[in-house]
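Single-structure report; data block below.
Please treat every number below as a calculation from the coordinates, not as lab data. Since we're looking at a predicted model, the values are computed, not measured. Positions of Cβ are backbone-derived with ideal geometry, glycine not excepted, and every protein chain shown enters the neighbour counts.
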Amino acid sequence: MGKEIYVNQPLSSQKIMEILDKNPELEKIKCPPSIYQRIAPKYLEALSKLGVDVEAVSYKGRPTKYDEEDVEKISLLQKKGLSFQEISEKLCIPLKTIYYLNKTPLKKGRKKKYSSEIIQEVKEQSENGLSAREISKNLNIPLRTVYSFMKADEKKLD
């Protein structure tokens, strides 16, 4: 098959024989450092005599889908004044990936509909003994929203 393979299982004599049977032209075995440390020195020596090197690879993960060229394209388009959404559509790269490649934190979600002053007013009226329905009428806020503000306040107390 190949001259180089990657294994992520401990190398036993049986596993080594299996690998050599499947890959007669094998020259190099790569494995994570944690597995390399557990390989018996006699196995490393025997493989070396057969012309097979065993190497610890510190990082073996999924290869990156986008390279430096893509990052440069994103940067260039941003400098031209395009929004991340427009860049995403133009390059056919997901919006979250554009943010990731540009190392820009994602924008926060929706803005709060009610200011902190209104939320505080709901809490004060609740503490003064007004019912949720009365607070809803006084502040012209949906009853369900008043309950959610009151419930959020209770959770903070717990």
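The single condition among (1) part of a helix (DSSP H, G or I); (2) more than 22 Å from the chain's Cα centre (by Cα); (3) of a type outside the set (Phe, Trp, Tyr) that Leu26 does not satisfy is (1). Applying the selection to the range 126-154, what residues are of a type outside the set (S, T, N, Q) and either over 18 Å from Lys112 (Cα atoms) or in a loop (DSSP other than H, G, I, E, B) (or both)? Glu127, Gly129, Leu130, Ala132, Arg133, Glu134, Ile135, Lys137, Ile141, Pro142, Glu154 - these are the residues of the range 126-154 that are of a type outside the set (S, T, N, Q) and either over 18 Å from Lys112 (Cα atoms) or in a loop (DSSP other than H, G, I, E, B) (or both). Residues in the range 92-115 include at least one that is hydrophobic (A, V, I, L, M, F, W, C), within 30 Å of Ser148 (Cα to Cα) and in contact with a helix residue (DSSP H, G or I) (Cβ under 9 Å, 6 or more places away or on another chain).
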